[in-house]
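Inspection log for the structure reproduced underneath, given as structure tokens.
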Amino acid sequence: MKFLSLTPIALLQATLFTALHGARWTYSGLNGQQEWDKHYPYCGGAFQSPIDIRSNLLRFDPKLYPVEVENYNLSPNQQLTLGNNGHSLQLSLPSTMYISSLPHCYTAAQLHFHWGSSGWPEGSEHMVNSKRYAAEMHVVHFNSDKYPNISMAVDKSDGLAVLAVLIEVGDFNPAFEKFLRFIGGIKYKGQKVKVPGFNIRTLLPARLDQYYRYDGSLTTPPCYPSVLWTVFSNPVQISWRQFQAFATAISSSYAQDSHSHMPLNGNYRKPQLIDSRVVLVSFKEGRGLHGTLTVANSKMRKQLIQQLLVGDLADLADEQLYQLLPGGSERLNAGKKKSQQSHTPFKSRQQTWKASLRRKSQTSVGKPGLAEETLCYVSLEQSLFHKLKQSHSGNHLAQSLRDLVFPKLNLRSYLDCRSDLDLATIRYILRGRPTDEAWELDQSLTKALMIQRKTAAATKPSVPTEEYDGPSRPAVLEKSKNQVDLHPWLLPMEWED
């Protein structure tokens, strides 16, 4: 994860201004979130939070194990501080609490809440497929292996880890009552009360093995992109009366401001840009996932690339390339009759292809490791430099990156099981193959894409589809240059490192 690229002078000026003048910020109005970046530059930068966790962003990661928290069951003798900071209700947490399931030890610092209003009970910061929940709890931890306190960790790329819990209105929650019964003592900004310790684990969902994870930022100024987010997929419930305690019982004003008491509600930030991020997910089925993720390990992916490099493209086109992947044909051909053009059983064709691969793999064109060799970063750099040198202009840099680097980076990512294989990358691989056969395969894949999109639109009308808005495609197939370029043609893949 990277910080926003700002000049040292700009950062210093912004920091000094904020420190000296204490820039005021609110969620709406003159100092609302649309103005945050004027005094807090990172708020207008990259990797910001929260986000709308949409299905098309998800990648299953089998290495995401259940979240493990330690020492969350606090003794009633431990005194916690419940406070109103004018932006949220915040509960201090002892340093004995920590997350033990991350690469570093992340020690608890505090938890706080974001919520809607009594007339608009939708105030969660994160959304799931554009659904906003009534409220959201953030349990904030800092990297205590590397930093002595949260103040030192807050602006570091690996400084913070936050557990986010989505909250919906439903049944009464006795765990929340442990601190809500003291809320009358913090009606005004700056007020604090002591709360007996209780089991903080009871505020979390019952299952800690189902969650989304991504790199993001603080959701309030100064918006440092320093947070490893864990958003639990299963919400917890609180009663309507308990939600009303959040929405109506506390104020964002000081007690002495009797003429302008403002209720503290609607304290959530709007969703931020994705910025090419991927959201990892710890489970295969359930809330937030539409359909089943395709399983394709590294061996199968390499076999597929080798097939494109040296295999029979006519056969691939005849059977549709997606049928080489497990589950692909079942999904895309649901309710569809088998092609009448194919007279040879699919298994026989597979055997023929494998025999062809064995023969051609002995040649210099199909030797083992070819796919890896084509991905050498030194070769990438030299090829790009040569192309730019030929153009005698830096204006072609972006187009060169799109045409040359993008397909190869996508291929590397695909072989590492970290992305879908893009149609432009397939076309890139097919350069140098027989033109007629490559064109036939390209036509077949484009047709499969259209069928897939029509099927998805018919079966899932409520899930929005997005047009591909990424880099332009290299024109590698002369006969297909007038075809419509569609977004990545494979369904989401599982991570399998």
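Any read-out appearing in this document is the output of simple, stated calculations on the displayed coordinates, not a laboratory observation. Source: prediction; values computed, not measured. Because the Cβ atoms are built from the backbone with ideal geometry, glycine has one as well, and the counts that use them run over all protein chains shown.
From the Cα gyration tensor of the range 131-233, with a ≥ b ≥ c the square roots of its eigenvalues, which class applies: rounded if a/c is under 1.5, or else prolate if a/b is larger than b/c, or else oblate?
The shape class here is oblate.
State the Cα centre-to-centre distance between the range 208-226 and the range 36-63 in whole Å.
If you average the Cα positions of each part, the centres end up 7 Å apart.
Ordered by residue, what ³J(HN,Hα) values in Hz, to whole numbers, does the range 92-103 give under the Karplus form 6.51 cos²θ - 1.76 cosθ + 1.60, where θ = phi - 60° and Gly and Pro are x?
Going residue by residue, I get 6, 10, x, 6, 6, 7, 7, 9, 9, 9, 10, x Hz, with x marking Gly and Pro.
Rounded, prolate or oblate, given the Cα gyration tensor of the range 44-281, with a/c below 1.5 counting as rounded?
Note, shape of the range 44-281 comes out rounded.
Using the Cβ atoms and a cut-off under 12 Å, what net charge is assigned to the surroundings of N85, where Lys and Arg are +1 and Asp and Glu are -1?
Numbers: positive: K189, K192; negative: none.
Combined, the nearby Lys, Arg, Asp and Glu give +2.
Give me the net charge of A255's neighbourhood, meaning all other residues with Cβ under 12 Å from the Cβ of A255; Lys, Arg count +1, Asp, Glu -1.
Details: positive: K187, K189; negative: D257.
Counting the neighbours of A255, the net charge comes to +1.
Please report the net charge: other residues with Cβ closer than 15 Å to the Cβ of K194, K and R +1, D and E -1.
Values: positive: K178, R181, K192; negative: none.
Net charge in that neighbourhood comes out at +3.
Check Y254: other-chain or 5+ apart residues with amide H under 5 Å from its amide H, H built from backbone geometry?
Amide H neighbours of Y254, under 5 Å, 5+ apart: K189.
Which order results if H138, H87 are arranged by neighbouring Cβ count within 10 Å, fewest first?
Values: H138 23, H87 17.
Fewest to most other Cβ atoms nearby, the residues stand as H87, H138.
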